Amino acid sequence: MAEVLFSAVVGDMVGRVISLLASRCRNSNQESAMAKLQKIRRMLVRIHSVVEEAKGRHIRNHVALDWLSDLDDGVWQGRYLLDTVRCRETEHEEDGHVDGEEIDRVLESLQGMSGDLREFLMLLQGCKRIRRPLATNIFVDNGQMFGRHVERERIINFLLHDDYSPSPSKEKLPLLPIVGDIGVGKTTLVQHVCDDARLRSRFPLIMLFNFSSTYAIALGEAAVVLKSKHVIGGSRNLKHPLHVLNEDLRSKRFLMVFEDVDMHKKKMLEELLPSLRHGKQGSKIIVTTNNMRVAASMGTVAPIRLKVLPHPEYWFFFKAHAFAATDVEENPRLLAVGRAIARKLNGSFFGAKIVGGVLRAHPNLQLWCKILRSNIGGLSLLGDGLGYIADLAENLLPSHVNMRQLIITKKPFRSSQPKFARFHDMFLPSPDGAQESCCTDVRNAKVLLCRSVLPFYCVYYHAHCTVNV
């Protein structure tokens, strides 16, 4: 009996000791993780300040631009890790901690970057300062571009580079292809490049063209027509772009942009290029395409490739649209669902604007969970233009709203903004609620899904919907 009692007492003591040691070990690991996170916070301040300094310089060196890209990626990864830690701490989950290996990986990466900052700053001293717009909240439609700084500088370096080959022997104008899937942001990037003060002083004439498919009734076949999107300088003859191309360009240095060139449009463009070879030395051409074969066959230099934003960077783009000017971020459950929705959108800019607008207007957990369960993640990766936007809207719209047609409207800034119903009003409990803020005839509503504010004009994506009263 005594032996049994002794064994029980010893067993209890051993259990208590093991529990105490385990508790101390957990506390020690937690303190160690907190110390590492504090180091990450301090390093992020240093690295981010250097990145901002670098973005205010004209960096011509390609290696330095690669260096800047790595530093910028490190900042986004560090900020995303800290955001993840804060999110999981507020959820009060038993497993609500970030993997220690992830903390160690980010810490090691940032330590390596921090060790080389002095050399990078010395390199920046030889780079000329450039004017940058004041940073603002990207949710405000002020026409600023999110990310893509390094790609933008690479394009500008190409356009400002002097070509010393003599004109008589010049067979091709310097042509830079920009390659990326539909919806990745090629048009946005190019317009911001063309609006840069360095280029506008360099090129007296900047022209943006695209190829519009029309139907030739007499021939009974599809035809492709060149259309002007925007002209800076020159005659501004938007209705007859071929007249612009046929002007005497010998005394002008020009920049021409041809958008969305596929294999069929490539043949048409190649017929136009010989007439452009007599421009003033330094004239350049940019072609945007989603076809690598077009880029490889037309480019005189290596193409610029645009990919999906890394998820840590995309999260902050989505977050600015879904949480801006609200206190939703303080609700851990909504924040967790929002992070899951951002994952399902696969880097889509259209998705962040459209879905983010609905989430911001309706901080309702039930609606957010319903959107998370919808098929928004089963669509194409970045969005196939109008097809993606239409599919996304149809997946989101409540049952009493039916979408009949999707339309794109382009408006210059000087014109009055079109009057549309707001997409997030379609999620009100009843059509009567939507009628108060949408339009006089709620049965046939023009609903604004999203808009893109570009340097030269606004693009409105709106749908004609019927609302069952």
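Just to check your reading of the model, which residue among Val224, Val193, Val184 is open to solvent by less than 40 Å² (accessible area, probe 1.4 Å), among the β-branched types (Val, Ile, Thr) and either more than 15 Å from Ile155 (Cβ to Cβ) or at pLDDT below 85 (or both)?
Going through Val224, Val193, Val184 in turn, just one is open to solvent by less than 40 Å² (accessible area, probe 1.4 Å), among the β-branched types (Val, Ile, Thr) and either more than 15 Å from Ile155 (Cβ to Cβ) or at pLDDT below 85 (or both): Val224.
Please specify each residue of the range 272-290 satisfying the condition of being open to solvent by 40 Å² or more (accessible area, probe 1.4 Å) and touching a residue at least 12 places away in the same chain (Cβ under 8 Å).
The answer is Ser275, Arg277, His278, Lys280, Gln281, Asn290.
Restricting to the range 320-348, name every residue that is out of contact with any His (no Cβ under 9 Å at 6 or more places or on another chain), open to solvent by less than 40 Å² (accessible area, probe 1.4 Å) and touching a residue at least 40 places away in the same chain (Cβ under 8 Å).
The answer is Ala320, His321, Ala324, Leu335, Ala336, Arg339, Ser348.
For the range 412-443, enumerate the residues that are surrounded by 12 or more Cβ atoms within 10 Å (Cβ to Cβ) and modelled with pLDDT of 70 or more.
If the condition is that a residue be surrounded by 12 or more Cβ atoms within 10 Å (Cβ to Cβ) and modelled with pLDDT of 70 or more, then Phe420, Ala421, Arg422, Phe423, His424, Asp425, Met426, Phe427, Arg443 are the ones that fit.
Does Ser297 qualify as being more than 21 Å from the chain's Cα centre (by Cα), free of Cβ contacts under 8 Å to residues at least 40 places away in the same chain, open to solvent by 20 Å² or more (accessible area, probe 1.4 Å) and closer than 16 Å to Phe209 by Cα?
It is false that Ser297 is more than 21 Å from the chain's Cα centre (by Cα), free of Cβ contacts under 8 Å to residues at least 40 places away in the same chain, open to solvent by 20 Å² or more (accessible area, probe 1.4 Å) and closer than 16 Å to Phe209 by Cα.
Applying the selection to the range 358-370, what residues are assigned to a helix (DSSP H, G or I) and either open to solvent by 10 Å² or more (accessible area, probe 1.4 Å) or in contact with a Gly (Cβ under 6 Å, 6 or more places away or on another chain) (or both)?
Within the range 358-370, Arg360, Ala361, Leu365, Gln366, Leu367, Cys369, Lys370 qualify.
The values are calculated or read from the model by the stated rules, or taken from the named source; none is laboratory data. Predicted model, so just to flag it, every value in this text is computed and none were measured. Note that each Cβ is placed from the backbone with ideal geometry, even for glycine, and that neighbours are counted across all protein chains shown. In case anyone asks, the SASA skips ligands and DNA or RNA and just uses the protein heavy atoms, side chains included. Shrake-Rupley method; radii C 1.70, N 1.55, O 1.52, S 1.80 Å.
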